[in-house]
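The values are calculated or read from the model by the stated rules, or taken from the named source; none is laboratory data. Here the structure is a predicted model, which is why all the values come from computation and not from measurement. All Cβ positions, even for glycine, are placed from backbone atoms using ideal geometry, and neighbour counts span all protein chains on display. Ligands, DNA and RNA are stripped out before the accessible areas are found, and what is left, the full protein with its side chains, is counted by its heavy atoms. Shrake-Rupley method; radii C 1.70, N 1.55, O 1.52, S 1.80 Å.
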Amino acid sequence: MNIRLNLIGTVAALLLVGCAPASAQGLAEVVAAEQVVRLPASAGRELEVRVWAASNPTVVVVFSAGGGGQPAAYERMMRALAQEGFTVIAPVHDDALARGDISGSGGPASFISRLEDLAIARGYAGATHSGLPLVVMGHSFGSLMSSLAIGASTPVGAQSDPGVKALVAFSSPGIIPGLMTPDTYRNLSAPVLVVTGDHDVVPGFVTEWRSHRALYDHSSVPGSALVIVPEADHNLVVSADDATFSAVVDLTTTFIRAEALGDAAARARFSRIEISGATIERR
């Protein structure tokens, strides 16, 4: 296990540096989440969870930020989802830049604490929204962590949650030597929506944008889709222009309704929906 954790620590450290969302917009400028909940975690740790509550929720979404990122950086997307009737629950991971000192947060403890964070968040979602379908969502490193809930495999072993109905992955990390292989995504239990762009690279870490296809290419669950937005970079989910952002929200919410709610009309619409200039592949 120590060897595995050392390996995971190395990869997590890379992801922490290379996949942080666009915090350049300034932490002080980000609107605070509507609700803050603090939940007990292991070893005396307290988990801060941000909640964007829909007035009459139909779905609950557990969101994991990119490496070094915090939920508030995704405020625009979180509010858009809440307005569509999806309550969003997003843990503030220990590696969040908002915490200031992140020394040591890229090691094994970061990877393992995220596993615990997301398990706690899903448990909280079930306790507070009993009976509502659960969807997981993430950006970059967060999309990797979220994919574990639907059967993606890494050296830490199975982390599946049978209650999860679908995954939305913005800039999924692709294949990471030593941590993830093409087999990582072979046995997914739920459909995935992968959103990336043909400028989606992280200098020094992700040099080929096509690597983000892996989550879609190596899984085979019906209902899955891959969206490639022209000229979109790694921070599409944060910094897309209004027209692109609205189109991505429309596609995302339609996918969630189709797969989490089993909405036949949404499924039919999702099979036809397009984003101007984007390539969409579907199963």
Name the residue that is most open to solvent (accessible area, probe 1.4 Å), counting only residues in segment 139-155 that are within 18 Å of A121 (Cα to Cα) and outside any helix (DSSP H, G or I). G151
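For residues in segment 126-138 being among the β-branched types (V, I, T) and more than 8 Å from the chain's Cα centre (by Cα), which is surrounded by the fewest Cβ atoms within 10 Å (Cβ to Cβ)?
T128
Considering only segment 141-181, state which residues are touching a residue at least 24 places away in the same chain (Cβ under 8 Å) and of a type in the set (S, T, N, Q). Can you show your working first?
Going residue by residue through segment 141-181, those that are touching a residue at least 24 places away in the same chain (Cβ under 8 Å) are 141-156, 159-176, 178-180.
If the condition is that a residue be touching a residue at least 24 places away in the same chain (Cβ under 8 Å) and of a type in the set (S, T, N, Q), then S143, S146, S147, S153, T154, Q159, S160, S171, S172 are the ones that fit.
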Run down G223, G197 and say which single residue is on the phi > 0 side of the Ramachandran plot and not charged (D, E, K, R). G223
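Could you tell me whether any residue of segment 85-99 is polar (S, T, N, Q), under 19 Å from E34 (Cβ atoms), open to solvent by 10 Å² or more (accessible area, probe 1.4 Å) and modelled with pLDDT of 95 or more?
no
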